[in-house]
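What follows is a single structure, written as structure tokens, with notes after it.
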2 protein chains.
Amino acid sequence: MPEAANSFFPQDGEEGLPLEEMAYRRLREALVTGAILPGDRLSIRAVAAAFSVSAMPVRTALRRLAAEQALDLLPSGTAVVPRLTRAGFTELSAIRAKLEPMAVSLAAPHLGEPHWKALAPLVAAHDAARAAGDAAVAQAADRDFLFGIYRSAQAPLLLGLIETLWLRRGPLFRSVRITVTAAGGLRHSHGAMLEALRRGMGDEAAELLRVEIEDATRAILATVRFEGDDTAAERLAWIGKPGRRR
Amino acid sequence: MPEAANSFFPQDGEEGLPLEEMAYRRLREALVTGAILPGDRLSIRAVAAAFSVSAMPVRTALRRLAAEQALDLLPSGTAVVPRLTRAGFTELSAIRAKLEPMAVSLAAPHLGEPHWKALAPLVAAHDAARAAGDAAVAQAADRDFLFGIYRSAQAPLLLGLIETLWLRRGPLFRSVRITVTAAGGLRHSHGAMLEALRRGMGDEAAELLRVEIEDATRAILATVRFEGDDTAAERLAWIGKPGRRR
DNA sequence: GCGTGCGAAATGTGATCACACAATGCCCGA
DNA sequence: TCGGGCATTGTGTGATCACATTTCGCACGC
């Protein structure tokens, strides 16, 4: 990828970084990978202790994540991992279906030989991983494929918004991964997208992506249980349990 | 407006609020109204002194604005009011043209009599203000009209993104105001939008907005000078002035 | 006696400040 | 024009304050 290093999923290299940046990245990673789950409360002190730093850098990092909508803030100021509801997921997907194809269209004129060389292996990696049943790796390949294109769109504002959306969707990854694996994987059109881009048909590639996002959304809505989706049986079981949490 | 108070342009009531919130709102207001201009550097200490608070709340507020893309951060960490380039403005407008009509479509089913009562005066206020040549008031009425609808879309994530975009566009307001005033005002289709919404044609209203945004963008691109748009004469005058700023 | 409520104390948590440290950039003088 | 010193600015720490929540215990009622 000729562009700068992926700013979304930074690798290690946490040596010389300011502590705030370190805290921010670690929290973001935890969010995206599902290490912390929806509903979890992140108190400044607790996180600071976990990271062995003082409250300030953590506070800044937490607020930054909140400003990016990756965390919610209780009225008291405590940060919580947002629970994605069915409506929230629908909204998120609808926005993605508008912005990400737009990024593909914008990127198309900027793509060239070096990009094909970088993108093609990612499609192959996805297929291989899915065939092997490793949904996490397949997802990672997909993600790298898409962001490889998005970064080429030369649209920093748009890229930032898309990253925000992915971050917000992060906590859902775990369940989606399970579901998708169980379902044998969603159709993925990245190979066709790449072909369209090679032929210079940016809008066609964008349309493929839009359809893919909408299909995937439909599939997830049909199979994944969301926060607040308690079944009748669960609601009944819930009644009369005064001491429950969450 | 039946919804909660406008969170984008808060009025006064800065008594019981945390200082960080106060600093945040005042900075945002300054940004949106053009009180601080693109390129201005906002040092934590300077702002803290201006607001008569210590550095901490200001620091948090500045970082929050930066996370929302309303401010840029120099590598050193100093916050600066972003300069909107021609390309940046084009990108911003393209995103708005996708998201804001979407919000209108989503809001349509939720609108009812109370909304018409609240929105109609805003259209009238716009017309009156424009007739009187008061572009600032006309803009404010437009803004309230649109956000009144957006808030009804029941899409918090989308609303947040749109607010971010407006915030980012804020520093440009001053020049746009001048230009638009000089040009006699852009066509505005809010009356027609309101009519379409009343008839339950949400998509039609959305389309009107999309066209309006695109027209306005075109007009602004054609008339407003952007950062980096130096004319030939200016570029010539620039040569050989080693000590220049900005 | 057992269950239920209410209230106060204890705890947790965020907000803010003043201070110390280090990196950055600027300005002045050679 | 180049170098060095100094002012500015961001980063991070620890203590302290006020507020919110939770928890525990006691008293009341069944």
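The values are calculated or read from the model by the stated rules, or taken from the named source; none is laboratory data. Predicted model only: the values in this text are computed from it and were never measured. With ideal geometry, Cβ positions are generated from the backbone for all residues, glycine too; neighbour counts draw on all protein chains shown. Side chains are part of the model used for accessible areas, which takes the heavy atoms of the whole protein and leaves out ligands, DNA and RNA. Shrake-Rupley method; radii C 1.70, N 1.55, O 1.52, S 1.80 Å.
Points to keep in mind about this one:
- Sites A:Met56 and B:Ala131 - FRET efficiency at Förster radius 51 Å, r taken between beta-carbons, to 0.05: 0.45
- Summed over the residues of region A:19-80 and divided among them, the accessible surface reaches 43 Å² per residue at a probe radius of 1.4 Å.
- Sequence-distant residues sharing a close amide H with B:Leu42 (under 5 Å, placed H): B:Ala79, B:Val80, B:Val81
- Shielded by partner chains, region A:87-104 residues - at least 20 Å² of accessible area, 1.4 Å probe, vs chain alone: A:Glu91, A:Ile95, A:Lys98, A:Leu99, A:Met102
- Taken per residue, the accessible surface of region B:91-163 reaches 34 Å², heavy atoms only and a 1.4 Å probe.
- Computed over region A:19-80, the range of Cα coordinates on each principal axis works out to 27, 24, 18 Å, biggest value leading.
- The figure for A:Leu73 is an accessible area of roughly 80 square angstrom, using a 1.4 Å probe on the protein chains alone.
- Residues in region B:35-66 occluded by at least 30 Å² - accessible area, probe radius 1.4 Å, against chain by itself: B:Met56, B:Arg59, B:Thr60, B:Arg63
- In this simple spin-label approximation, A:Ala140 and B:Asp203 carry label points 7 Å from Cα along the Cα→Cβ vector, and these lie 4.2 nm apart.
- Interface burial for B against A (accessible surface, 1.4 Å probe, total of both chains, Å², rounded to 100): 2100 Å²
- Ranked order, A:Thr60, A:Thr33 - accessible area, probe 1.4 Å, largest first: A:Thr33, A:Thr60
- Here region B:86-223 exposes an accessible surface that is 59 percent carbon and sulfur, computed with a 1.4 Å probe and the other protein chains kept in place.
- Nearest-first distances (nm) between copies at B:Gly191, label 7 Å from Cα via Cβ: 5.7
- Order of exposure, largest accessible area first, which applies to A:Leu19, B:Leu92 with probe 1.4 Å: A:Leu19, B:Leu92
- Nm distances between copies for B:Ala50, ranked from closest, using label points 7 Å along Cα→Cβ: 3.7
- Rolling a 1.4 angstrom probe over region A:19-80 with all protein chains present gives an accessible area of which 54% lies on carbon and sulfur atoms.
- Distances from B:Lys117 to itself in the other copies, using label points 7 Å out along the Cα-Cβ axis, amount to 6.7 nm in increasing order.
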